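Here the structure comes first, spelled out in structure tokens, and everything after it is commentary.
The values are calculated or read from the model by the stated rules, or taken from the named source; none is laboratory data. Keep in mind that what you see is a predicted model, and the values were worked out from it rather than measured. We place every Cβ from the backbone using ideal geometry, glycine too, and count neighbours over all the protein chains shown.
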Amino acid sequence: MSRIVMKFGGTSVANVERIRNVAAHVKREVDAGNEVAVVVSAMSGATNQLVAWTKEASAIHDARDDAIVASGEQVTSGLLAIALQAIGVPARSFQGWQIPLRTDAAHGAARIESIDGSALISRMTDGQVPVIAGFQGIGPDERIATLGRGGSDTSAVAVAAAVNADRCDIYTDVDGIYTTDPRIVPQARRLDRIAFEEMLEMASLGAKVMQVRSVEMAMVHKVRVFVRSSFDAPDAIQSGPDGEPLGTLICDEDEIVESQVVTGIAYSKDEAQITLRRVADRPGVAAGVFGPLAEASINVDMIVQTISEDGKTTDITFTLPTADQARAVEILNAKKTEIGFEALNTETDACKVSVIGIGMRSHAGVAAQAFEALAKRGVNIRAITTSEIKISVLIDTAFAELAVRTLHSVYGLDKA
Ligand code: ADP
Ligand code: ASP
Ligand code: MG
């Protein structure tokens with residue numbers, strides 16, 4: 001017997017028929033003698049619609065009325081609970097506040113602070129299936145708080161940690177984590193295993209298959225996460241050569257036997273670029289530029305500062321999420337004289353493509369290979385950043401797909 005948390009994403013619960021299919025997946029695990037808790041997302045598209053309605057009602061609104069955006073999960077958790085009851089599986093729905101799943105005060109992007117697992121555990125040991133609304137909890141103001149888009153992955157991993165589950169199964173519309181987004185590169189291969197650290201980089205660099213915080217949480221609490229498809233027929237699960245169901249285990253690095261130099265390619269089209277021209281070249285200038293942005297919680301990513309030719313001025317280029325660009329421009333322009341720059345240029349058609357792999361730590365020349373391959377395809381690189389296990393390049397959005405495909409094939413990731 002194992003204790004399992006099963007999470008189903010938006011496409012898996014998109015209508016009542018699919019919810020019945022999900023119920024059959026849950027029944028299979030219960031019939032096998034497991035203790036099961038389920039976390040669900042809203043029906044696909046539902047959260048977008050709720051966000052659109054709140055914006056229509058008032059473009060700038062108080063985030064503490066998060067209850068609207070959280071309501072999609074209330075519907076699916078209730079529907080799944082009754083679909084389970086209908087096939088003889090005792091089940092009950094729970095909203096975040098009923099558990100309670102406590103968050104901080106950052107409505108709309110709240111972080112989970114604690115989960116009381118006791119009610120869930122006692123339901124499970126009594127043979128019931130708690131069906132939990134993902135993406136939501138209760139803030140210090142005793143109001144519903146949502147966890148940021150894609151947040152039900154984080155709910156699931158956090159619940160798994162709180163009830164001390166043996167595994168957290170993430171059921172989605174693909175049968176695992178691929179070497180890159182399989183919707184962009186049909187040659188992408190499913191990975192049997194990926195290390196927490198690599199998955200964290202993949203997710204933060206644009207692979208939206210798992211919310212970044214869910215991977216962080218899994219890494220910290222050592223939750224074994226298995227990503228698999230909900231579209232397999234519940235009673236005819238496809239399995240690999242080892243007899244295990246098809247999917248990807250996100251696990252500790254030590255559990256990965258065959259490590260490749262490069263594990264995957266991620267991309268993010270959500271990048272804007274700001275260049276400050278002829279900035280006074282003196283100590284403290286970087287702090288003067290980036291300090292006010294940090295205070296406004298704007299996450300700056302790649303930074304390039306050119307060597308001053310005349311010893312007096314320099315250019316500083318950096319990237320940030322497109323959504324924060326207007327605010328950043330306003331902040332910097334307000335401090336123009338204080339910082340001491342001559343002009344501010346912005347560009348939005350930027351895309352960041354990243355190569356990720358823990359094997360890079362011990363292999364030289366991985367970056368050079370990427371630069372050469374991109375050069376051969378005529379892709380110009382605007383900025384570069386690297387860490388121990390990743391290389392990111394900033395390029396024109398028009399070349400995004402070409403760059404992803406090129407790098408995918410250059411590192412031997414294409415399926416045979
Ligand atoms: P859910 O609604 O189940 O949470 P998401 O849409 O959030 O599903 O995530 C699944 C999607 O993530 C896939 O359909 C796929 O297009 C995308 N994706 C991006 N990068 C990857 C990757 N490396 N491996 C698998 N899927 C990926
Ligand atoms: N329904 C929420 C969203 O669309 C949470 C999730 O699907 O994980 O962002
Ligand atoms: Mg998701």
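Of all the residues in the range 1-16, those that are assigned to a loop (DSSP other than H, G, I, E, B), farther than 19 Å from Asp166 by Cβ and either within 12 Å of ligand 1 (Cβ to nearest atom) or touching an Asp or Glu at 6+ places or on another chain (Cβ under 8 Å) (or both) number 2. A single entry from Ala57, Ala23, Ala42 fulfils the requirement of being at negative phi, touching a Leu at 6+ places or on another chain (Cβ under 7 Å) and not β-branched (Val, Ile, Thr): Ala23.
Within the range 132-161, the set of residues being more than 14 Å from ligand 3 (Cβ to nearest atom), outside any strand (DSSP E or B) and farther than 27 Å from Ile237 by Cβ comprises Gly139, Pro140, Asp141, Glu142, Arg143. Listed residues Asp349, Asp315; which is out of contact with any Leu (no Cβ under 8 Å at 6 or more places or on another chain) and modelled with pLDDT under 95? Every option except Asp349 fails the conditions.
All of (1) farther than 12 Å from Val262 by Cα; (2) more than 20 Å from the chain's Cα centre (by Cα); (3) surrounded by 14 or more Cβ atoms within 10 Å (Cβ to Cβ); (4) at pLDDT 95 or above hold for Ala383 with one exception: (4).
Note on the range 159-175: among residues that are aliphatic (A, V, I, L, M) and over 20 Å from Thr125 (Cβ atoms), the one that is surrounded by the fewest Cβ atoms within 10 Å (Cβ to Cβ) is Val174.
Of all residues in the range 156-205, which are of a type in the set (Gly, Ala, Ser) and within 17 Å of the chain's Cα centre (by Cα)? The answer is Ala156, Ala158, Gly176, Ala195, Ala203, Ser204. Against the numbered list (1) crowded, with 16+ Cβ neighbours inside 10 Å; (2) more than 10 Å from ligand 1 (Cβ to nearest atom), Gln238 comes up short only at (1).
Within this structure, Val51 fails the test of being crowded, with 21+ Cβ neighbours inside 10 Å, near ligand 2 (Cβ under 10 Å from one of its atoms) and not polar (S, T, N, Q).
Residues in the range 26-50 that are polar (S, T, N, Q) and closer than 30 Å to Met1 by Cα: Asn34, Ser41.
Residue by residue, here is whether (1) within 16 Å of ligand 2 (Cβ to nearest atom); (2) of a type in the set (A, V, I, L, M); (3) surrounded by 24 or more Cβ atoms within 10 Å (Cβ to Cβ) holds:
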{"position": "Arg3", "(1), (2), (3)": "no, no, no"}
{"position": "Thr11", "(1), (2), (3)": "yes, no, no"}
{"position": "Val16", "(1), (2), (3)": "no, yes, no"}
{"position": "Val22", "(1), (2), (3)": "yes, yes, yes"}
{"position": "Arg28", "(1), (2), (3)": "no, no, no"}
{"position": "Gly33", "(1), (2), (3)": "no, no, no"}
{"position": "Ser41", "(1), (2), (3)": "yes, no, yes"}
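When the range 283-317 is filtered for residues that are among the polar types (S, T, N, Q), within 22 Å of Glu330 (Cβ to Cβ) and assigned to a loop (DSSP other than H, G, I, E, B), the ones remaining, listed by number, are Ser297, Asn299. What residue, of Ala46, Ala14, is within 16 Å of ligand 3 (Cβ to nearest atom), within 14 Å of Phe135 (Cα to Cα) and free of Cβ contacts under 8 Å to residues at least 60 places away in the same chain? It is Ala46. Of the residues screened, Ala266 is one that is within 15 Å of ligand 1 (Cβ to nearest atom) and crowded, with 21+ Cβ neighbours inside 10 Å. Would you confirm whether or not the range 41-50 contains a residue that is in contact with a Lys or Arg (Cβ under 8 Å, 6 or more places away or on another chain), outside any loop (DSSP other than H, G, I, E, B), within 28 Å of Asp232 (Cβ to Cβ) and within 11 Å of ligand 1 (Cβ to nearest atom)? Looking for residues that are in contact with a Lys or Arg (Cβ under 8 Å, 6 or more places away or on another chain), outside any loop (DSSP other than H, G, I, E, B), within 28 Å of Asp232 (Cβ to Cβ) and within 11 Å of ligand 1 (Cβ to nearest atom), one finds at least one in the range 41-50, hence yes. Taking every residue in the range 183-211 that is among the aromatic types (Phe, Trp, Tyr) and pairing it with any residue that is crowded, with 21+ Cβ neighbours inside 10 Å, at least 6 positions away or on another chain, the pairs with Cβ-Cβ distances below 8 Å are Phe196/Val215; Phe196/Ala218; Phe196/Ile250.
Quick one: count up the residues across the range 310-350 that are of a type in the set (Gly, Ala, Ser), surrounded by 14 or more Cβ atoms within 10 Å (Cβ to Cβ) and under 25 Å from Thr385 (Cβ atoms). Here the count works out to 2.
Only one of (1) touching a strand residue (DSSP E or B) at 6+ places or on another chain (Cβ under 9 Å); (2) within 16 Å of ligand 3 (Cβ to nearest atom) is not met by Gln95, so which one is it? Status for Gln95: all satisfied but (2).
Results for (1) more than 13 Å from ligand 2 (Cβ to nearest atom); (2) modelled with pLDDT of 95 or more; (3) of a type in the set (D, E, K, R); (4) touching a Ser or Thr at 6+ places or on another chain (Cβ under 6 Å), shown as yes or no for each residue.
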| position | (1), (2), (3), (4) |
| --- | --- |
| Gly139 | yes, yes, no, yes |
| Gly151 | no, yes, no, no |
| Ala156 | no, yes, no, no |
| Ala160 | yes, yes, no, no |
| Ile170 | no, yes, no, no |
| Arg183 | yes, no, yes, no |
